[in-house]
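Undergrad: Here you go, one structure.
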């Protein structure tokens, strides 16, 4: 079904409409302040039934939905809203309700933000989803000169994630199988190492990536990465429990093979080393005991296993 486009509230200087569905008044007050500062015209409902009605009446571009409310749940509200709206829906939930978050994605949500809400983090997340700096969204004095709307997802990456989550192979193995350490890539390897597929996101022990939107979140905080580093992280996620060398990563990032490559192994090793260093610094994983990305000798890389005691240094000369 093709969903109708969202619209703006013409009665509020053309500002895009945001709808808060939340029964906790303190949370409503905080969200209203943040969303108004960003340039939204804000509506709120303290129960899910009224929230669905407001969504039908005002066609907001953005909605935040608390999953735990009396009467109709936020999950049911999300499902009903998704039947007639293509708005960007953010689930608001505490960390202790992971099952609600997962159910929220199943109901049609696009993202989630944990409680307690961090105002600066929420603003940054909205900017990332729109793929524009916060200053362009907020305007010089909090106006909505350019408005807000979620940027279109990368359809190819969205479909790849869907296929991987369904168990399709990702083709990590090279022509020379000796180049890839024994292990499992794709869905099975990703689950074995402790990842979860959550809507359009892949979660890995506090590290989250939305490949189709180019968004990376570490411990619930947005990390602004160059696109090449986002691409590298996406490829690393899909290798699961395998290890790969720099040449393989470089070919994957460029979409090339050994037959079509135009660079040397040494050039690729230097390029990946620089990219990897920058990525690990940005996600604060460059210490002696990494949480996510392990640097191995001979320009090889793998993801950290959930049960191992990592004591591998960054020495790649061996």
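Undergrad: Out of 267, 282, I need the residue that is modelled with pLDDT of 90 or more and within 22 Å of residue 222 (Cα to Cα). Which one? Reasoning before the result, please.
TA: On the way: 267 fails: within 22 Å of residue 222 (Cα to Cα).
The match here is 282.
Undergrad: Could you tell me whether residue 194 is assigned by TED's automatic domain parsing to the domain that holds residue 269, in contact (Cβ under 8 Å) with a residue 40 or more places away in the chain and either at negative phi or touching a helix residue (DSSP H, G or I) at 6+ places or on another chain (Cβ under 8 Å) (or both)?
TA: no
Undergrad: Can you tell me which of 55, 59 is modelled with pLDDT under 95 and crowded, with 18+ Cβ neighbours inside 10 Å?
TA: 59
Undergrad: Is there a residue in the stretch 64-76 that is closer than 18 Å to residue 40 by Cα and either in the same structural domain as residue 199 (by TED's automatic domain parsing) or touching a residue at least 24 places away in the same chain (Cβ under 8 Å) (or both)?
TA: yes
Undergrad: While we're on this one: Taking the stretch 258-283 as the search range and keeping residues that are touching a residue at least 40 places away in the same chain (Cβ under 8 Å) and over 16 Å from residue 297 (Cα atoms), which one is surrounded by the fewest Cβ atoms within 10 Å (Cβ to Cβ)?
TA: 258
Undergrad: For the stretch 202-215, how many residues meet the condition of being without any contact (Cβ under 8 Å) to a residue 60 or more places away in the chain and touching a helix residue (DSSP H, G or I) at 6+ places or on another chain (Cβ under 9 Å)?
TA: 4
Undergrad: Of all the residues that make up the stretch 48-62, how many are farther than 16 Å from residue 31 by Cβ and in a loop (DSSP other than H, G, I, E, B)?
TA: The number of residues fulfilling the criteria is 1.
Undergrad: Just to be sure I understand, how many residues within the stretch 24-46 are buried (at least 17 other Cβ atoms within 10 Å of the Cβ) and in a loop (DSSP other than H, G, I, E, B)?
TA: The number of residues fulfilling the criteria is 2.
The values are calculated or read from the model by the stated rules, or taken from the named source; none is laboratory data. The shown structure was predicted, so the numbers you read here are calculated from the model rather than taken from an experiment. Cβ atoms come from the backbone with ideal geometry, glycine included; neighbour counts cover every protein chain shown.
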